[in-house]
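The structure appears right after this line, and notes come after that.
The values are calculated or read from the model by the stated rules, or taken from the named source; none is laboratory data. These numbers were taken from a predicted model, which means no experiment stands behind them. Neighbour counts are summed over all protein chains in view; Cβ atoms, including those assigned to glycine, are modelled from backbone coordinates with ideal geometry.
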Amino acid sequence: MAHQSSDLTTSLTRQGQSNSAGDARALYLKLFSGEMFKGFQHESIARDMVMKRTFKNGKSLQFIYTGRTTAEFHTPGNSILGNSDGAPPVAEKTITCDDLLISSAFVYELDETLAHFELRGEISKKIGYALAEKYDRLIFRAVTKGARQASPVSKTNFKEPGGTQIRVGATTNDSDAYNAGNLVNAFYDAAAALDEKGVSSQGRCAVLNPRQYYSLIQDIGSNGLINRDTQGTALQSGNGIIEIAGIKIFKSMNIPFLAKHGVAYGGTTGETSPSNLGDHVGTALADGRKSVTGLNNNYGNSTDFAKSCGLIFQKEAAAVVEAIGPQVQVTSGDVSVVYQGDVILGRLAMGADFLNPAAAVELYVGATAPSAFGTTYPENG
């Protein structure tokens, strides 16, 4: 057994300490947190596209819908006691927090010592990517779900508008989803539907997959893009720089697209798969039904999205509730000594569901609009 003496000591500079005091790894944790947040924010676009609420001391949040009311002329001498028809009607929607979502990695201290690159920062960034990917996928599935729903406000003579589904193209081929002309027509139809249903023009956006997005900008001279003068990297970014009918356009590989994550090849799509895709490009949608362990909201199954090919929506279309925002935890102390390494853990606790169906538009291909799922109020199970 090695003998270590404290008779001769030196003044240590612990780079992880704050002001040379306290936890020797305090600043390391902040560094890892920064890398994780950087990765999360780089990958996630959905978080700022929908309503977001944080909460604690509970398992869910309730959202209140208020329908329309009426106006009438007053008859002199009559008392005013509220509308006799009971307007405005009120309904509620409950969004429950799913179980804790985690991504973790064990870093062996010797491996880190021998590595010629900064290991923990890179791992933390990839943990952020993983959380963001799952986060966006659940939100986009919730928006799609809402586009197929009626409004929760269902009082006779006071029913509010529900979601909208718009067919892209006129054939039965999946290739219609990639046709720029078809997409532009769908955008204008969607804008008109949102206007007609009284949805605010503020915060309208669309999310397409990269191939759809690039198809649009290649056809920029004739497809009605408003800011046609935008050039170079800004045009290529897919970060809402260009728009059609006041709808800012984003690209993401996390939308449900023909039962896949982001993109589909072969079949009637007319798209050829690039080589060396690896294991994560164009994978089948995971089962997101409420019966799946960890899920307390219904995000549908892969078959529910077999013909879905894009989303157009306004901020009120869906909401995400967060009990724990994205954060990092790192082991230390005795645990690190025993295992000679650390576990880096990224975690968050969230749930998502549609909010105002009228603000959601689903694009689809084929002759028949996809069917609704998870229609029971208020649980949507």
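Residues in the range 325-373 that are over 29 Å from residue 309 (Cβ atoms), among the polar types (S, T, N, Q) and not in a strand (DSSP E or B): 331, 332, 336, 340.
Sort out which residues of the range 120-154 are of a type in the set (A, V, I, L, M) and either touching a strand residue (DSSP E or B) at 6+ places or on another chain (Cβ under 6 Å) or surrounded by 24 or more Cβ atoms within 10 Å (Cβ to Cβ) (or both), and write them in order of number.
So in the range 120-154, the residues of a type in the set (A, V, I, L, M) come out as 123, 127, 130-132, 138-139, 142-143, 147, 150, 153.
Result: 123, 127, 130, 131, 132, 138, 139, 142, 143, 147, 153.
Scanning the range 288-337 for residues that are on the phi > 0 side of the Ramachandran plot and without any contact (Cβ under 8 Å) to a residue 12 or more places away in the chain turns up just one, 333.
Only residues that are under 30 Å from residue 179 (Cβ atoms) and surrounded by fewer than 24 Cβ atoms within 10 Å (Cβ to Cβ) were counted in the range 341-366, giving 1. Close contacts from the range 96-112, counting a first residue that is within 20 Å of residue 123 (Cα to Cα) and a second that is aromatic (Phe, Trp, Tyr) and surrounded by 18 or more Cβ atoms within 10 Å (Cβ to Cβ), with Cβ to Cβ under 8 Å and a gap of 6+ residues or different chains, come to 101/135. Kindly indicate whether any position in the range 283-303 is of a type outside the set (D, E, K, R) and part of a strand (DSSP E or B). Yes, there is a match, as at least one residue in the range 283-303 is of a type outside the set (D, E, K, R) and part of a strand (DSSP E or B). Of all the criteria given as (1) within 17 Å of residue 254 (Cβ to Cβ); (2) within 16 Å of the chain's Cα centre (by Cα); (3) not basic (Lys, Arg), the one not satisfied by residue 302 is (2). Got at least one residue in the range 328-346 being hydroxyl-bearing (Ser, Thr, Tyr) and at pLDDT 90 or above? Within the range 328-346, none of the residues are hydroxyl-bearing (Ser, Thr, Tyr) and at pLDDT 90 or above.
Of all residues in the range 128-159, those being within 17 Å of residue 319 (Cα to Cα) and free of Cβ contacts under 8 Å to residues at least 24 places away in the same chain number 0. Pairing residues of the range 338-363 that are more than 21 Å from residue 133 (Cβ to Cβ) with residues that are aromatic (Phe, Trp, Tyr) and buried (at least 22 other Cβ atoms within 10 Å of the Cβ), at Cβ distances under 7 Å and at least 6 apart in sequence or on separate chains, gives 359/313; 360/313; 360/354; 361/313.
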